[in-house]
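One structure below.
The values are calculated or read from the model by the stated rules, or taken from the named source; none is laboratory data. What you see is a predicted model, and the numbers here were worked out from it, not measured in a lab. Glycine gets a Cβ as well: all are built from the backbone with ideal geometry, and neighbour counts include every protein chain shown. Ligands, DNA and RNA are stripped out before the accessible areas are found, and what is left, the full protein with its side chains, is counted by its heavy atoms. Shrake-Rupley method; radii C 1.70, N 1.55, O 1.52, S 1.80 Å.
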Amino acid sequence: MEAFNELLRIMEELRSKCPWDRSQTHQSLKKYLIEEAYELLDAIDIGDDEKLKEELGDLLIQVVFHSQIAKERSAFDIEEVIQRLNKKLIERHPHVFGCETPEEVLKNWEERKLKDRESILDGVPKSLPALMRSQKLQDRASLVGFDFERPEQVIEKIMEELQELREAMTSGDSRELEHELGDLLTAVVELGRLLKLDAELCLQKANDRFEKRFRYMERRAKEMGKDIRQMTLEEMDALWLEAKRFDYTENF
């Protein structure tokens, strides 16, 4: 608590003496909150405890910063934030009262969160990454039985949406194309959900694979004395296949 109180004191001093900190608002800080959250995810992925410690601190300062701004508005302070959190943690942990499985814990948690909301979809932030938000919306809808029963049914839906996208491509209507591509992506997220896979994590890993393979292609092109920007598509395809094979034998 001594260290935490010192953090609060430092934040108050920064808000009173630093021009940049003094000029910040809840709105202006939004982008930093998102950046810090993603930097924390990177630290978790690389397994570096020192980096993890640093990034947790950077994320914590965002919570303290917002709470200090709210205190200055006479809205609430950090103590009230913690009190609300404590109350929520107690109320939303039904496993303390006899649930036997993690699935029951999660179901009870969601039901308690939803009991005072007008819609079962309330509380899913619009600012979430699109794949993550899609999966959370579908998770919520499944609580009332609006769901597929088997992954095979979703694959059929994906094929249906793909055909509709093909038809939209012939029309040349950009709004229709956007609509159909969105429906296809939603169905793919649903498939991942039924397979108990996190769509956001799957795409992040696919992005990492793409980046590693493309960087491999660039290195190989240089080794061959070529500029990848001047290579033909066939030459690049050959390097891509080589990179995929290398994927399974080496870390690069």
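Quick look at the numbers
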{"item": "Residue count for segment 148-160, restricted to those that are surrounded by fewer than 15 Cβ atoms within 10 Å (Cβ to Cβ) and either touching an Asp or Glu at 6+ places or on another chain (Cβ under 7 Å) or part of a loop (DSSP other than H, G, I, E, B) (or both)", "result": "2"}
{"item": "Residue satisfying all of: in segment 37-90; open to solvent by less than 90 Å² (accessible area, probe 1.4 Å) and in a loop (DSSP other than H, G, I, E, B); farthest from Ser23 (Cα to Cα) among these", "result": "Gly47"}
{"item": "Qualifying residue in segment 11-25 (condition: in a helix (DSSP H, G or I), without any contact (Cβ under 8 Å) to a residue 12 or more places away in the chain, within 26 Å of the chain's Cα centre (by Cα) and exposed (fewer than 11 other Cβ atoms within 10 Å of the Cβ))", "result": "no"}
{"item": "Single residue of segment 122-147 satisfying the filter (outside any helix (DSSP H, G or I) and open to solvent by 70 Å² or more (accessible area, probe 1.4 Å)) that is modelled with the highest pLDDT", "result": "Phe146"}
{"item": "The listed residue being out of contact with any Gly (no Cβ under 7 Å at 6 or more places or on another chain) and open to solvent by 70 Å² or more (accessible area, probe 1.4 Å), out of Glu167, Glu242, Glu180", "result": "Glu167"}
{"item": "Per-region count, segment 211-247, residues touching a helix residue (DSSP H, G or I) at 6+ places or on another chain (Cβ under 7 Å) and either of a type in the set (A, V, I, L, M) or at positive phi (or both)", "result": "7"}
